[in-house]
1. If I model a spin label as a point 7 Å beyond the Cα along the Cα-Cβ vector, how far apart are those points for N75 and E87 in nm?
2. Under a 1.4 Å probe, what is the accessible area of the stretch 1-77 per residue, stated in Å²?
3. Report the net charge of residues surrounding G104, where surrounding means a beta-carbon distance below 12 angstrom and charges are Lys +1, Arg +1, Asp -1, Glu -1.
4. For the chain, give me the percentage of DSSP beta bridges that are antiparallel, rounded to the nearest 5 percent.
5. When N is the residue count of the stretch 7-117, what does its C-alpha Rg come to as a fraction of 2.2 N^0.38 Å?
6. Positive end of the charge dipole of the chain (Lys, Arg +1 and Asp, Glu -1 on Cβ, about the Cα centre): tell me which of S105, I27, A13 has its Cα farthest that way.
7. What ranking, highest mean first, results for peptides 27-35, 89-97 when packing means the other Cβ atoms within 10 Å averaged over each residue?
8. Ignoring ligands, DNA and RNA, what percent of the 1.4 Å accessible area of the chain is carbon and sulfur?
Amino acid sequence: VQLQASGGGLAQAGGSLRLSCVTAGSIFGSDVMGWYRQAPGNPRELVATITSSGSTTYADSVQGRFTISRPNAGNTMYLQMNNLKPEDTAVYYCTLDRRAPRPGSYWGQGTQVTVSS
């Protein structure tokens, strides 16, 4: 399984960006996909997750501003980021967490998001 993230860039506070993550390889029904981010000097933070059935979770810091989606449970996942804040500046990583048949975690290469005030 390989994940390729894209869509990062520079935005002004209050603006929007949409990140994409394309998965090469099979996605199983029990897999959970998500987005993490890491800002310089900070620990990696879980931003949002989505199951194959479409159930989602969000970090409190992005609730109501970010939307994770995976249309038709396909191989592309998105993170729509609205009302961006400077504290959203980070490298964003897409992930796939596999529970079965062989547990494992897969990570994309990361895409930089920079929000200016």
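1. Those two pseudo-labels are separated by 3.8 nm.
2. On the way: 3930 Å² over 77 residues.
Per residue, the stretch 1-77 has 51 Å² of solvent-accessible surface.
3. Neighbourhood net charge equals +1.
4. DSSP beta bridges in the chain are roughly 90 percent antiparallel.
5. 1.04
6. With unit charges placed on the Cβ atoms, the residue in question is I27.
7. Highest-to-lowest ranking by the protection proxy: 89-97, 27-35.
8. The computed percentage sits at 48.
The values are calculated or read from the model by the stated rules, or taken from the named source; none is laboratory data. Remember, predicted model here, so these are calculated numbers, not experimental data. Glycine also receives a Cβ, built like all others from the backbone with ideal geometry; neighbour counts cover every protein chain displayed. We work out accessible area using only protein heavy atoms, side chains counted, and drop any ligands, DNA or RNA first. Shrake-Rupley method; radii C 1.70, N 1.55, O 1.52, S 1.80 Å.
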